[in-house]
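Presented below is the structure to which this report refers.
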Amino acid sequence: MKPIVPRIAAVHDMSCFGRCSLSVIMPVLSCMGLQVCPLPTAIFSTHLGGFTDIAYCDLTQRLEDFFNHWHQEKITFDCLYSGFLASEQQIEIVSHFIDKFSGNLPLVLVDPVMGDEGKLYSVYTATMQVQMKKLICKADIITPNFTEAGFLLGEQYQAAVEHKDFLKEWLIRLAGFGPSMVVITGIPVAENTLLNMGYEKSSGCFFEVASDYVPANYPGTGDIFASVLIGALLQGKRLPAAMQQAAEFVALCVQTTFAARTPPREGVLLELALFSLCKGE
């Protein structure tokens, strides 16, 4: 029986402080009227940026036990959503998870979280990059940032994009891995502008949503963007409208936080912006 409230399985880590990963994904999607079932890959005392001596619990060895129990209980999902995966084994397990729960054709979003600002995260090996390319083949939609799109395609990073023409080629090539929709986020197209650019394979259409650049870097904004995007798609919106809603909500969070001058490592002041999602704005 199809659930009354759309159900999302979210395979992400949980940072207990710092507003990123599951700690922002769950409230965002809940405010959009969706049930989030977390499948935590690891639990951290804080996120990995700006903190030292972090305490953590790696749940890699329990992931299959958790989702095998879901399968045993005949639990189904309308969406499978994965984010940061910290090892080769975790990527492989998520691939098995998607295979196991794909019988009812859920929407699959893979956010290939691998790096930012032209650099890969320290845990990412060459083998993990290859495995991530295989994982996105199983997705309906992927949301790499500009850095991750370049690494997936083997292309050079540009700190500032002067001519956007090549971005359409990148989107088509990324869709060639398998996804029917691709959104590249955080493209630096001008001194004070970031661009999100999307592609829908079925229509062959490209979409752009620009945001003002704010001179601060907050963790979790990629998680928030992807969550609002998938929430809007599950509400029945088309890709351009979903991109617009996601970009506007992230901008609201960032602008509110920048004005408050809180420490960037604490993440955005999500709590002060969630009302707009609850109201359906």
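The values are calculated or read from the model by the stated rules, or taken from the named source; none is laboratory data. If you're wondering where the values come from, they're calculated on a predicted model, not measured in any experiment. Here the Cβ is made from the backbone with ideal geometry for all residues, glycine too, and neighbour counts use every protein chain on show.
Computed quantities for the displayed model
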quantity: Test: residue in the range 204-223 that is without any contact (Cβ under 8 Å) to a residue 60 or more places away in the chain and assigned to a helix (DSSP H, G or I); calculated: yes
quantity: Residues satisfying the stated conditions in the range 99-114, i.e. surrounded by fewer than 20 Cβ atoms within 10 Å (Cβ to Cβ) and either among the β-branched types (Val, Ile, Thr) or at positive phi (or both); calculated: LEU105
quantity: Among (1) modelled with pLDDT under 95; (2) crowded, with 16+ Cβ neighbours inside 10 Å, the one test that GLN156 misses; calculated: (2)
quantity: Total residues in the range 205-223, condition in contact with a Phe, Trp or Tyr (Cβ under 7 Å, 6 or more places away or on another chain) and surrounded by 22 or more Cβ atoms within 10 Å (Cβ to Cβ); calculated: 0
quantity: Test: TYR81 is hydroxyl-bearing (Ser, Thr, Tyr), in contact (Cβ under 8 Å) with a residue 60 or more places away in the chain and crowded, with 16+ Cβ neighbours inside 10 Å; calculated: yes
quantity: PRO40 vs. criteria within 20 Å of the chain's Cα centre (by Cα), in a helix (DSSP H, G or I) and surrounded by fewer than 21 Cβ atoms within 10 Å (Cβ to Cβ); calculated: no
quantity: Selection status of GLU73, acidic (Asp, Glu) and either under 20 Å from VAL182 (Cβ atoms) or loosely packed, with under 13 Cβ neighbours inside 10 Å (or both); calculated: yes
